[in-house]
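Before any comments, here is the structure.
The values are calculated or read from the model by the stated rules, or taken from the named source; none is laboratory data. All values reported here derive from a predicted model rather than from experimental measurement. Positions of Cβ are generated from backbone atoms using ideal geometry, with glycine treated the same way; all protein chains shown enter the neighbour counts.
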C-alpha cells in the first residue's frame, strides 16, 4: 500500500476526527483545526478547544492528561499495517481523547503524555531531542522536573533497552512498559546499566501487551465467554514454547549450550522443561498445534518471560487458565498494584523443582476459586476498549481504564505504597474486583474483532473487524467508539 497516496483515514490517529486528510500517516487538517489528530481549534477568546462543537467534556473521575503536540517525525507511523505489534503510544493517545481524559490546560493537568515510540535504539536516541524540545516549548517539564510525565515503552526489556544518557535524563518519568524487572537478576545481567533496575515501583507501571498474536487470535473461543462450550480441564499444567531461545524446536536442556540460550527466560523455561517434561497430566512441549485447545484443557499455565517480557500469563487468563509465575524480581502486568496471588500461583525460582507438589496439592475448591477470580483478571489484562471484547464485557475494567485507575490512586495517595492501594481504598478495591461503578450504569457489551469468517455462531463482530484487526489497535478511538457519531460520544466509565 502506498500510504502517501491512498488517503485511508484510519491509517492516521483517530482518523483525523473527520477534520483532515490522512497522507502517509499524517493528518493534514482542514483550515481552523490543528493537532496530531485535528482535534484542536481556537475559540473566539483564543482558548484551545477539544473537538469543538461536539460537546466534548472531561471525564468526571479523571485523571486529566495533557498531550504534547510533537513534530511528526517523532511519532507518525507511515503504515500501521506493517508493524509487528500494536503501537502502544498511538493506542494510548486515541483512548486518552475518547475516554475524556485529554485536557488543554497544562497548568492544571494531573499528568503529561509524551506520545513517542521508544522501542528501538534509533527511536530511543530521539528521546533526548524530544525532551529538549518539550523543555524549550512548554514550562511543564521544568516545573515538575519530569515528574507526572508519561512515556510508553514497548521494548522487550523495557527501559533497560534505553541508552544510559536517556535513562539518566528521565529518572522521574513514569514509564508504561511490558517489562517489570525491579531488581538485579543474574540471568539478565547483560541488560543492566550499573545495576539500575528496569522498573521502579511506584514510578512506572507494568502494562499488558495488546493481544494480537497466534496465541490469542482465537480467544473468542474462551470458556469465559457466555454460551461457549467448556472443555474438561484434564491437564494439570500446560506450557508450550521455545526453551533454549534458539528458535529450534528440538533445542531443549541439556543442549542449551550457547550463553544466550543459558540465560534465555532467566532459566525458568529450561527448569520447567527439565523437571516436568513427560510428567503425567502435564503438557510441557516446545510446540503445539492448537494453543486454544491446550489453554482451555489445563488448570494451570506457565507465565514465563522469553528473551524479555512474556505474554503467556496474559493469554492464560483470557482462556480461564490459572497463571503460574516463577521468575524472581519480575513483576507481571499491573503488579504490585494488583496482586497476582489473588488469581494465580507464584513460587520462588529456586522452588521450581517442587512445583509439581505445589500445584497437585490444590483442592478442587481452591482451583475453582482461583478460576472464578481469573475471569475478572482477564478483563484487566485485555485492551477490550481498543480491540473489542472477548467475553461480552463492557470494557469498564479493561487495560486502559486500569491504567487510569492506578493513576487516580497515585494522585489521591502520593505517598502510599502501590501494594497497599487495594487494602486502603474501597473504590479501587471494587474496581480491581470488577464491581461496576456506583450508581451502576447499564453499558452494552463490546463488539469483537476476534471473529473469523468461519465462526458463524458468533454474531457480535465489529464492523470492518478484519480491517481494524490489521490496524493493530482497533477502530479510531477504540472499540468503545463503534456506533458513536464522533469521538466525543464514545462510551465512558466515570
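Quick look at the numbers
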{"read-out": "Qualifying residue in segment 183-191 (condition: modelled with pLDDT of 90 or more, crowded, with 16+ Cβ neighbours inside 10 Å and within 16 Å of residue 329 (Cβ to Cβ))", "value": "no"}
{"read-out": "Residues satisfying the stated conditions in segment 290-314, i.e. under 21 Å from residue 244 (Cα atoms) and in a helix (DSSP H, G or I)", "value": "291, 312, 313"}
{"read-out": "Any hit, segment 349-365, residues being within 30 Å of residue 401 (Cβ to Cβ), surrounded by fewer than 17 Cβ atoms within 10 Å (Cβ to Cβ) and assigned by TED's automatic domain parsing to the domain that holds residue 246", "value": "no"}
{"read-out": "Verdict on residue 150 being closer than 21 Å to residue 180 by Cα, assigned to a loop (DSSP other than H, G, I, E, B) and modelled with pLDDT of 85 or more", "value": "no"}
{"read-out": "Flag if residue 315 is surrounded by fewer than 21 Cβ atoms within 10 Å (Cβ to Cβ) and in contact (Cβ under 8 Å) with a residue 12 or more places away in the chain", "value": "no"}
{"read-out": "Output for segment 158-182, where each listed residue is surrounded by fewer than 22 Cβ atoms within 10 Å (Cβ to Cβ), outside any helix (DSSP H, G or I) and modelled with pLDDT under 90", "value": "163"}
{"read-out": "Near pairs, Cβ below 9 angstrom, 6+ apart or cross-chain, from segment 153-165 (at positive phi and not assigned by TED's automatic domain parsing to the domain that holds residue 129) to any residue that is part of a helix (DSSP H, G or I) and at pLDDT 85 or above", "value": "none"}
{"read-out": "Failed item, numbered, when residue 148 is tested on (1) out of contact with any strand residue (DSSP E or B) (no Cβ under 6 Å at 6 or more places or on another chain); (2) on the phi > 0 side of the Ramachandran plot; (3) free of Cβ contacts under 8 Å to residues at least 60 places away in the same chain; (4) surrounded by 18 or more Cβ atoms within 10 Å (Cβ to Cβ)", "value": "(1)"}
{"read-out": "Qualifying positions in segment 407-417 - closer than 19 Å to residue 340 by Cβ and crowded, with 20+ Cβ neighbours inside 10 Å", "value": "409"}
{"read-out": "Number of positions in segment 248-277 that are at pLDDT below 95 and in a loop (DSSP other than H, G, I, E, B)", "value": "11"}
{"read-out": "Residue match in segment 341-349 (condition: at pLDDT below 95 and touching a helix residue (DSSP H, G or I) at 6+ places or on another chain (Cβ under 6 Å))", "value": "no"}
{"read-out": "Flag for residue 388 being touching a strand residue (DSSP E or B) at 6+ places or on another chain (Cβ under 6 Å) and surrounded by 23 or more Cβ atoms within 10 Å (Cβ to Cβ)", "value": "yes"}
{"read-out": "Single condition residue 45 does not satisfy, out of (1) modelled with pLDDT of 95 or more; (2) assigned to a strand (DSSP E or B)", "value": "(2)"}
{"read-out": "Condition met for residue 307 (at pLDDT below 95, in contact with a helix residue (DSSP H, G or I) (Cβ under 9 Å, 6 or more places away or on another chain), closer than 18 Å to residue 199 by Cβ and surrounded by fewer than 17 Cβ atoms within 10 Å (Cβ to Cβ))", "value": "yes"}
{"read-out": "Filter result for residue 469 (at pLDDT below 95, under 22 Å from the mean Cα position of the chain (by Cα) and under 24 Å from residue 333 (Cα atoms))", "value": "yes"}
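For every residue, the table says whether it meets (1) crowded, with 20+ Cβ neighbours inside 10 Å; (2) in the same structural domain as residue 93 (by TED's automatic domain parsing); (3) closer than 19 Å to residue 488 by Cα; (4) without any contact (Cβ under 8 Å) to a residue 60 or more places away in the chain.
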residue	(1), (2), (3), (4)
24	no, no, no, yes
27	yes, no, yes, yes
30	no, no, yes, yes
35	yes, no, yes, yes
39	yes, no, yes, no
44	no, no, no, yes
48	no, no, yes, yes
60	no, yes, yes, no
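Listed here are the residues, each with its yes/no results for (1) under 25 Å from residue 450 (Cα atoms); (2) touching a helix residue (DSSP H, G or I) at 6+ places or on another chain (Cβ under 8 Å); (3) not assigned by TED's automatic domain parsing to the domain that holds residue 353.
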| position | (1), (2), (3) |
| --- | --- |
| 235 | no, yes, no |
| 242 | no, yes, no |
| 253 | no, yes, no |
| 270 | no, yes, no |
| 275 | no, yes, no |
| 297 | yes, no, no |
| 314 | yes, yes, no |
| 319 | yes, yes, no |
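Listed here are the residues, each with its yes/no results for (1) within 21 Å of the chain's Cα centre (by Cα); (2) modelled with pLDDT of 95 or more; (3) surrounded by 14 or more Cβ atoms within 10 Å (Cβ to Cβ).
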site	(1), (2), (3)
422	yes, yes, yes
427	no, yes, yes
440	no, no, no
443	no, no, yes
453	no, no, no
458	no, no, yes
474	yes, no, yes
480	yes, yes, yes
490	yes, yes, yes
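Yes or no, residue by residue, for (1) closer than 26 Å to residue 395 by Cα; (2) assigned to a strand (DSSP E or B); (3) modelled with pLDDT of 95 or more:
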site	(1), (2), (3)
31	no, no, yes
36	yes, no, yes
41	no, yes, yes
69	no, no, yes
76	no, no, no
85	yes, no, no
91	yes, no, no
124	no, no, no
